[in-house]
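Okay, so here's the structure we're looking at.
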Amino acid sequence: MGGIIDRMLSAAGYKATVVDYSSKQLDVLRSFGIKAYFGDATRPDLLTAAGIERAKLLIVAIDGRAQITQLVRYVVQTYPGVHVMARALDRDHVFDLYNAGCRDIIRETYDSSIRMGRSAYEALGIGPDHARSMARAFDEMDRRAMLHMAEVYDPDTPSHENGAYVARVQEIMGAWEGELRVHMDSIRADRADKGHR
């Protein structure tokens with residue numbers, strides 16, 4: 001994950017500093033002229049050595065749910081001028097990171113799941129343009145729902161025991177899922193109309 005992001009930034013002319021536990025990975029990065037530090041990115045002294053106080057952006061793509069959340073919380077609180085983008089391992093981790101102050105959260109398998117869903121629509125006979133529209137409609141509803149659920153998420157209470165969270169999920173599954181179904185049907189109807197012209 002971090003390697004692809006670094007290549008994308010580099011291709012656009014941005015210079016990154018990488019902190020990683022893998023000495024083998026760091027050797028590869030250094031051979032391509034990438035500034036890299038070996039060690040635990042959650043250590044404040046290592047972040048300081050890597051230049052966190054001058055950073056515009058911190059991308060947290062490390063492994064380990066607790067370590068990701070710890071690093072996000074520390075940087076958000078200590079360096080409020082640094083934009084923090086973090087990898088979330090699952091839906092609850094999104095809420096933990098939101099609670100830690102991060103507002104740019106990328107769910108690890110979400111985008112590939114959306115792409116697979118879009119491909120499933122196509123495999124079922126829906127044209128590429130309509131499949132993209134349907135995938136986009138689902139994505140927009142899900143992202144909106146995540147923000148509403150984050151408002152009532154409590155990291156100290158299991159989700160199924162948090163009454164406000166359960167009520168919000170039920171509300172979303174009722175009204176919002178129905179709204180999404182109407183939107184999906186509209187896209188499919190548009191497809192059928194265009195197919196008859």
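The values are calculated or read from the model by the stated rules, or taken from the named source; none is laboratory data. Note that the coordinates shown come from a computational prediction; the quantities given were computed from them, not determined experimentally. Glycine also receives a Cβ, built like all others from the backbone with ideal geometry; neighbour counts cover every protein chain displayed. Each accessible area value is taken on the protein alone, full model and side chains, heavy atoms only, with ligands, DNA and RNA left out. Shrake-Rupley method; radii C 1.70, N 1.55, O 1.52, S 1.80 Å.
Starting from segment 92-109, take each residue that is at positive phi and list its partners that are in a strand (DSSP E or B) and open to solvent by less than 30 Å² (accessible area, probe 1.4 Å), counting only C-beta distances under 9 angstrom and pairs at least six apart or across chains.
Once the first residue is at positive phi and sits in segment 92-109, its partners that are in a strand (DSSP E or B) and open to solvent by less than 30 Å² (accessible area, probe 1.4 Å) give GLY101/VAL84.
Among all residue pairs at least 6 apart or on different chains, which show Cβ distances below 6 Å where the first residue, located in segment 52-66, is in a loop (DSSP other than H, G, I, E, B) and the second is open to solvent by 50 Å² or more (accessible area, probe 1.4 Å)?
From segment 52-66, the pairs are ALA61/MET1.
Give all pairs with beta carbons closer than 6 Å in which a residue from segment 112-123 that is within 15 Å of GLU140 (Cβ to Cβ) meets a residue that is not charged (D, E, K, R); count only pairs at least 6 apart in sequence or on separate chains.
Every condition considered, the pairs that remain are ILE114/ALA135; GLY117/ALA135; ARG118/ALA131; ARG118/ALA135.
List the residue pairs whose Cβ atoms are under 9 Å apart, where the first residue sits in segment 11-40 and is exposed (fewer than 15 other Cβ atoms within 10 Å of the Cβ), the second is at pLDDT 80 or above and among the acidic types (Asp, Glu), and the two are 6 or more positions apart or on different chains.
TYR21/ASP40; TYR21/ASP63
Checking the structure you have, find out if any residue of segment 148-167 is open to solvent by 100 Å² or more (accessible area, probe 1.4 Å), within 18 Å of ILE105 (Cβ to Cβ) and free of Cβ contacts under 8 Å to residues at least 24 places away in the same chain.
yes
Given (1) touching a Ser or Thr at 6+ places or on another chain (Cβ under 9 Å); (2) modelled with pLDDT under 95; (3) not acidic (Asp, Glu), identify the lone condition not met by ARG43.
Only one criterion in (1) touching a Ser or Thr at 6+ places or on another chain (Cβ under 9 Å); (2) modelled with pLDDT under 95; (3) not acidic (Asp, Glu) is unmet by ARG43, namely (1).
Given SER119, SER186, which one is of a type in the set (Ser, Thr, Tyr) and closer than 26 Å to VAL94 by Cα?
Numbers: SER186 fails: closer than 26 Å to VAL94 by Cα.
After ruling out the rest, the residue left standing is SER119.
Take segment 61-92 and flag every residue that is under 10 Å from ILE106 (Cα atoms) and not basic (Lys, Arg).
Listed by number, the residues that qualify are ALA61, MET85, ALA86, ALA88, LEU89, ASP90.
Can you confirm whether segment 177-186 contains a residue that is of a type in the set (Ser, Thr, Tyr) and in contact (Cβ under 8 Å) with a residue 12 or more places away in the chain? If you could, list the steps in order and put the result at the bottom.
Filtering segment 177-186 down to residues of a type in the set (Ser, Thr, Tyr) leaves 186.
Restricting the remaining residues to those that are in contact (Cβ under 8 Å) with a residue 12 or more places away in the chain gives none.
No.
Residue check, SER112 against (1) out of contact with any helix residue (DSSP H, G or I) (no Cβ under 6 Å at 6 or more places or on another chain); (2) over 30 Å from ARG132 (Cα atoms), all met but one. Which one?
Of everything listed in (1) out of contact with any helix residue (DSSP H, G or I) (no Cβ under 6 Å at 6 or more places or on another chain); (2) over 30 Å from ARG132 (Cα atoms), SER112 misses just condition (2).
Please find, within segment 90-131, the residue that is surrounded by the most Cβ atoms within 10 Å (Cβ to Cβ) out of those that are closer than 18 Å to ILE62 by Cβ and among the small types (Gly, Ala, Ser).
Taking the candidates together, the pick is ALA100.
Taking the condition of being loosely packed, with under 15 Cβ neighbours inside 10 Å and under 17 Å from ALA137 (Cα atoms), how many residues in segment 168-182 meet it?
Residues flagged as loosely packed, with under 15 Cβ neighbours inside 10 Å and under 17 Å from ALA137 (Cα atoms) within segment 168-182 amount to 8.
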